[in-house]
1. Among the residues of the stretch 77-115, what is the count of those that are open to solvent by 60 Å² or more (accessible area, probe 1.4 Å) and either on the phi > 0 side of the Ramachandran plot or aliphatic (A, V, I, L, M) (or both)?
2. In contact (Cβ under 8 Å) with a residue 40 or more places away in the chain, basic (Lys, Arg) and open to solvent by 60 Å² or more (accessible area, probe 1.4 Å) - does that describe any residue in the stretch 59-68?
3. Of the conditions (1) aromatic (Phe, Trp, Tyr); (2) out of contact with any helix residue (DSSP H, G or I) (no Cβ under 7 Å at 6 or more places or on another chain); (3) farther than 16 Å from GLU131 by Cα; (4) open to solvent by less than 100 Å² (accessible area, probe 1.4 Å), PHE74 satisfies every one except a single condition; which number is it?
4. In the stretch 48-58, which residues are β-branched (Val, Ile, Thr) and open to solvent by less than 70 Å² (accessible area, probe 1.4 Å)?
5. Collect the residues in the stretch 68-116 that are modelled with pLDDT under 90 and touching a Ser or Thr at 6+ places or on another chain (Cβ under 8 Å), keeping them in residue-number order.
Amino acid sequence: MSRKAVVLSSEGGLVSVLPVSKPECASCTASCGRKEDAVYVANPKGFPVNVGDVVYIAANRRWQALEGLVSLLFPFLSAVVGYFAAGFLAVRCNRIPSDGMRAVFVLAFLFSASAVVLLCTRVLRLGGRVEIVGAGGMDPDGRSVR
């Protein structure tokens, strides 16, 4: 999914943009709540951008796919590890592993893995950098928008 943004400045490989719902919102002084904070985005495809240009920005698709895969597989695999860890720890403590104990371990491993995924994807933002995917009157699919 891509969003429109207005270029504020361009410094080397990084471009400062203001994500907007309409290009007119970039210079608006009203406090309607549609204006967002400026962000730095990469320009890996080398689009020629100037201050005031409308560009399309999106997260890198490879990073999005990797993040989705990790967000699904890591908690699932952690729950499986929790299931087997319950049996291993029960035997080490000279106890018989019960279904309740396994369920507690599965849920504990699942919730802790989900918390790690949440921390990495939302708080630390370890995913890929947002980049310019369309510029110069062209949308990300290569169609003219003028």
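The values are calculated or read from the model by the stated rules, or taken from the named source; none is laboratory data. The shown structure was predicted, so the numbers you read here are calculated from the model rather than taken from an experiment. Counting neighbours? That spans all protein chains shown, and the Cβs are built from the backbone with ideal geometry, glycine included. Accessible surface areas use protein heavy atoms only, side chains included; no ligands, DNA or RNA. Shrake-Rupley method; radii C 1.70, N 1.55, O 1.52, S 1.80 Å.
1. Counting residues in the stretch 77-115 that are open to solvent by 60 Å² or more (accessible area, probe 1.4 Å) and either on the phi > 0 side of the Ramachandran plot or aliphatic (A, V, I, L, M) (or both) gives 8.
2. Within the stretch 59-68 (the criterion being in contact (Cβ under 8 Å) with a residue 40 or more places away in the chain, basic (Lys, Arg) and open to solvent by 60 Å² or more (accessible area, probe 1.4 Å)), the answer is yes, since at least one residue qualifies.
3. (2)
4. Within the stretch 48-58, VAL49, VAL54, VAL55, ILE57 meet the criteria.
5. Scanning the stretch 68-116 gives a single hit, SER71.
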